[in-house]
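A short reminder: the numbers here are calculations on the coordinates, not readings from a lab. The model shown is predicted, which means the values in this text are computed figures rather than measured ones. Cβ placement follows ideal geometry from the backbone for every residue including glycine, while neighbour counts extend to all protein chains displayed.
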Amino acid sequence: MATIKKRGKSYLIRSSGGYTLTGKHVEHSFTWTPDEGMTERQIEKELNRQAVLFDEKCKYGHKTTAVKFEKFAEEWLTEVAPFQMKSTTYERIKLVRNRIYPAIGHMRLDKITTRDLQKLVNSFTKEGVNERTGGSLAPKTIRHYVTFISDVFNYAMRMDLVSNNPCNRLIFPTGEPKEKQIYTQKEIEKLFMRLQGEPLKYRAFFTLITYSGFRRSEMLGLEWKDIDFESGVISVRRTSNYTKAQGIYTDTTKTKRSRRSLKFPPYVMEILRDYKAEQDKEREELGNFWVDTDRLFVKWNGEPMNNQTPYGWLKEFCERVELPFYGLHSFRHFNASALINAGVDVTSVSSALGHSVPSTTMNIYSHVFDTVQTKVSDAITSSLDFSSRTNV
């Protein structure tokens, strides 16, 4: 609340303006002088009005410290972001700075408007912006950039530097959703057939990822204690990730619901038994050179496998056996599609995939659910279509 102090014929009005980047409290002030001929009652009424107006200006960002976006964003990245997000997300979000800072990094936080940011978003939709493809940025990529800006503004609001987040009113390009590349049933059958002559480590990896739909980080985070050979149940309890700064490291699952247990058929468990026997033999042969991590998928000496290794091996394998290469995540899509086409309800599919809520599953695989619903409709129509039958 503003304070008022009389100074001769004038009045000094002070109000809080938040805090600087170093945590120092900022106080703003201005001097108001009554017009000639004003009565004491008029002066008191107008003085109180001026104090309220000035307080509101300071409170809602019309008079703030001149903090540039880039400087404040770096503070958020250093002091806040590392403690709010996973390391992989943190490393990825730092990469967006190369487009954001040249555009708005020099601007004051309190001067950046929704219109400024809308122009930036619109520029991302222009041809040639994407240096890799020569086209525009994908809608999902554009949202990643805006998320970074929005997170910075949310932090600025908490620090009383601005009164609102200009990202909240942005209009995003829709664009046509990119169709997911998913292996067909025949392609999976061919892949399994060709895997028979490959190293047992990769036979186990791609058999399990197909039957489970586990994320790559979940696959690489699996340990032998997560496998119950008697019941055929495998539990996801951690992930294995990589960043340039940390190297390979162990982390929690993506969400709480990602911690889950699934039951597998004897075929899958038998392959894992053979693979464990092979790994036990390698451990014995290497002796002190073996690093005991208990991980399923490891390097030659027992250390956790690099996150890019399965991807690189699959790409070479697909080229060799003349199969399309869709990347590792396609196995997760295949698994989800197989479950949906088998008639499994969305809640169960969501639980198996480790999604935080069923709506996530619906959003990602809505086209598959639509196809299944069409099949159901056609089936019931065919069963109840008496018009083409001969009347008795």
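Between ASN164 and GLU127, what's the calculated FRET efficiency when r is the beta-carbon distance and R0 is 35 Å? Round to 0.05.
Calculated transfer efficiency: 0.60.
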(request) Could you name the lysines whose alpha carbon sits less than 17 Å from that of LYS263, not counting residues in the same chain fewer than 8 places away? (result) LYS225
(request) Report, largest value first, the span of the C-alpha coordinates of the chain along each principal axis, in whole Å. (result) 99, 83, 44
(message) Quick one: 3J(HN,Hα) in Hz for the stretch 214-228, Karplus 6.51/-1.76/1.60 with θ = phi - 60°, rounded, Gly and Pro as x.
(response) 5, 5, 4, 5, 6, 4, 6, x, 5, 10, 4, 6, 7, 10, 9
(message) Applying a 10 Å radius around every beta-carbon, put 37-44, 188-195 in order of their mean neighbour count, most first.
(response) 188-195, 37-44
(message) Helix-only estimate, please: 222 nm mean residue ellipticity of the chain, summing -39500 (n - 2.57) across DSSP H runs of length 4 or more and dividing by its residues, to the nearest 500.
(response) -15000 deg cm²/dmol
(request) Calculate, for VAL357 and LYS244, the FRET efficiency according to 1/(1 + (r/R0)^6) with r their C-beta to C-beta distance and R0 25 Å; round to the nearest 0.05. (result) 0.20
(message) Need one word for the stretch 185-330: rounded, prolate or oblate. Basis is the Cα gyration tensor (sqrt eigenvalues a ≥ b ≥ c); a/c below 1.5 gives rounded, then a/b vs b/c decides.
(response) rounded
(request) Return the lysines within reach of LYS71: Cα separation strictly under 25 angstrom, same-chain partners fewer than 8 residues apart disregarded; answer none if there are no such residues. (result) LYS24, LYS57, LYS59, LYS63, LYS86, LYS94, LYS111, LYS119, LYS244
(request) Sticking with the crude label model, points 7 Å out along Cα→Cβ, report the distance from VAL26 to GLN185 in nm, one decimal please. (result) 6.5 nm
